[in-house]
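Structure first, then comments.
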Amino acid sequence: MILFAVEMVAWAVRPPFRLELVLTQMAFIGVGSAFIVGVTGTFAGMVFALQMNFALKQFAAEAFSGGAVAFSLARELAPVFTALMVTARAGSAIATELGTMRVTEQIDAMESMAVNPIHYLVVPRVIASLVMFPVLTMLFNALGYAGGFVMGVYVARIPIGPYLAHTQEFMDVDDILHGLLKAVVFGFIVAIITTWRGYAATGGARGVGEGTTRGVVASSIFVLLADYAITFASVGT
Amino acid sequence: MIEIRDLWKSFGDNHVLKGIDLTIPKGETFVVLGGSGSGKTVLMKHVIGLLKPDRGAVRVNGLEISALDGKALTEARQMFGMVFQGAALFDSMTVFENVAFPLKEKRRRQRISADEVRQRVTEKLRVVDLGEEVLERWPSELSGGMRKRVALARALVSDPQVVLYDEPTTGLDPITTDYVDGMILNAKQALGITSMVISHDIASAFKVADRLGVLYDGHLVAEGTPAEVRQSQDPFVQKFLSLWFEKQ
């Protein structure tokens with residue numbers, strides 16, 4: 001897989017640059033995943049706000065709920081949940097599509113027509129993931145905070161002034177950037193693993209199914225490992 | 001011209017090719033006959049560089065394909081057209097997009113106009129007896145015979161010097177089989193293309209071949225004109241051919 005990733009990087013800087021394929025993949029990975037990421041973000045924010053309110057109320061500190069929700073979303077929940085949801089929706093589809101192309105000789109056919117399949121099939125998917133994972137993460141952040149705001153201010157009756165003030169107090173741009181850095185890394189991990197699993201599929205429909213399952217499981221595990229590594233490197237113990 | 005020298009290939013303990021030597025002169029149609037699993041497709045995939053040999057060399061028009069990698073191999077493949085056993089049409093593209101695919105890629109390098117692409121696609125589809133009504137259809141909407149014909153049009157659209165046919169008549173009815181045989185002969189006569197055909201369809205093989213070879217147990221056990229191979233004393237060749245000729 002490492003050789004595959006190195007080959008992908010080598011082809012990514014070679015012309016021709018297939019902008020139309022990158023845009024198609026951005027639409028599939030990004031626009032196509034916006035609904036499920038938005039729904040997940042909204043509910044995650046709502047639930048987290050209620051839980052924070054419940055926990056902090058015991059210390060008469062419920063006004064800090066807004067800050068806690070925004071901080072957790074930006075640094076942790078948004079990039080990780082987004083990566084897992086996009087892996088399930090788009091990553092599985094990528095592995096299946098490339099796997100089917102492999103076992104029906106469509107990838108061999110592409111090679112026979114003097115077109116490198118890594119250049120044509122893999123590079124656009126990886127670039128689209130690198131761009132769209134951060135965009136989806138920001139969508140998750142925005143809707144998650146909005147959901148948390150509605151729960152905190154209108155359901156839990158936390159005064160709006162302290163709620164917003166503590167959000168500003170807790171958060172700064174670095175927290176957002178920390179989450180976006182994770183999103184870029186997760187986008188690369190998910191795109192490389194799922195394309196590789198599809199690209200290397202063998203043995204017909206069963207092989208495609210196995211490749212897809214392995215791609216989704218490996219992507220999820222590596223996202224969690226990378227999340228830990230980046231967090232540890234950033235905040236230490 | 002295709003030159004194969006001492007070609008060996010194994011997959012684990014399965015020794016598929018054991019020292020194949022073969023020369024196919026420019027403009028000749030050579031058919032490789034053999035039973036299922038005899039390594040015919042493996043041999044063909046070496047010619048276009050989809051597989052690397054364990055030992056030996058493959059040269060096409062003077063270029064050592066087996067020694068090329070990356071961009072050099074990709075560029076060398078511009079001289080080929082290939083028809084795959086299952087047609088291998090891109091199922092996310094329409095018929096037009098499939099046939100235009102090699103041209104559009106070539107267009108990036110050679111500035112072929114969009115109008116010329118369309119004209120050449122419709123022209124090649126007409127040659128395989130398909131009209132403009134199929135242009136916007138998806139491969140899943142075509143019959144097996146139509147898919148093969150679209151694959152043939154796609155292989156010929158960029159005017160290749162060498163065309164490789166992997167089981168071009170497998171699964172086709174007799175009329176379509178006869179049609180595809182005619183296509184292979186036409187491509188050779190009209191365009192002077194060097195062709196390598198992989199088949200276990202003996203009738204088709206004897207019809208289209210200038211010369212043919214029989215692959216068995218990793219070796220070419222017979223090689224020559226159809227008449228010479230018919231007279232081969234090799235026991236496998238005799239059995240392989242007699243079963244079919246006795247039925248006729």
Can you list the helices (runs of 4 or more DSSP H) lying wholly within the range A:88-200 that have 2 or more residues being open to solvent by 60 Å² or more (accessible area, probe 1.4 Å) and over 30 Å from B:Leu68 (Cα atoms)? A:123-149, A:160-170, A:173-199
What number of residues within the range B:42-81 are among the β-branched types (Val, Ile, Thr) and modelled with pLDDT under 90? 1
When you go through A:Phe28, A:Phe43, A:Phe81, A:Phe35 one by one, which is the residue that is at pLDDT 95 or above, under 29 Å from A:Ile176 (Cβ atoms) and within 14 Å of another protein chain (Cβ to nearest Cβ)? A:Phe28
Scan the range B:152-175 and tell me whether some residue there is assigned to a loop (DSSP other than H, G, I, E, B), more than 14 Å from chain A (Cβ to nearest Cβ) and among the polar types (S, T, N, Q). yes
Output for Cβ contacts, cut-off 7 Å, separation at least six or different chains, first residue in contact (Cβ under 8 Å) with a residue 40 or more places away in the chain in the range A:122-135, second surrounded by fewer than 24 Cβ atoms within 10 Å (Cβ to Cβ) and not in a helix (DSSP H, G or I), reads A:Pro124/A:Arg18
Would you confirm whether any residue within the range B:107-126 is outside any helix (DSSP H, G or I) and under 18 Å from the mean Cα position of the chain (by Cα)? no
Take the residues in the range A:8-37 that are open to solvent by less than 50 Å² (accessible area, probe 1.4 Å) and assigned to a loop (DSSP other than H, G, I, E, B); name whichever of them is nearest to A:Thr82 (Cα to Cα). A:Arg18
Would you be able to tell me the number of residues in the range B:127-141 that are under 23 Å from the mean Cα position of the chain (by Cα) and open to solvent by 20 Å² or more (accessible area, probe 1.4 Å)? 3
If I filter the range B:77-90 down to residues being outside any strand (DSSP E or B) and facing another protein chain (nearest Cβ under 7 Å), which single residue comes out as nearest to the chain's Cα centre (by Cα)? B:Phe84
Out of all the residues in the range B:198-236, which are of a type in the set (Ser, Thr, Tyr) and closer than 21 Å to B:Val42 by Cα? B:Ser199, B:Ser204, B:Tyr216
Read through the list (1) surrounded by 20 or more Cβ atoms within 10 Å (Cβ to Cβ); (2) under 18 Å from A:Pro162 (Cβ atoms), then give the number of the only condition that A:Phe59 fails. (1)
How about the range B:8-40: which of its residues are touching a residue at least 12 places away in the same chain (Cβ under 8 Å) and open to solvent by 40 Å² or more (accessible area, probe 1.4 Å)? B:Trp8, B:His15, B:Lys18, B:Asp21, B:Thr23, B:Pro25, B:Lys26, B:Ser36
Specify which of the listed residues (B:Thr94, B:Thr74, B:Thr122) is within 11 Å of another protein chain (Cβ to nearest Cβ) and hydroxyl-bearing (Ser, Thr, Tyr). B:Thr74
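To keep it simple, each residue is scored yes or no on (1) of a type in the set (Gly, Ala, Ser); (2) in contact with a helix residue (DSSP H, G or I) (Cβ under 6 Å, 6 or more places away or on another chain).
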residue	(1), (2)
A:Phe17	no, no
A:Ile29	no, yes
A:Phe35	no, no
A:Lys57	no, no
A:Ala63	yes, yes
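The values are calculated or read from the model by the stated rules, or taken from the named source; none is laboratory data. Quantities reported herein were computed from a predicted structural model and do not represent experimental measurements. Neighbour counts are summed over all protein chains in view; Cβ atoms, including those assigned to glycine, are modelled from backbone coordinates with ideal geometry. All accessible areas refer to the heavy atoms of the entire protein, side chains included, with ligands and DNA or RNA removed. Shrake-Rupley method; radii C 1.70, N 1.55, O 1.52, S 1.80 Å.
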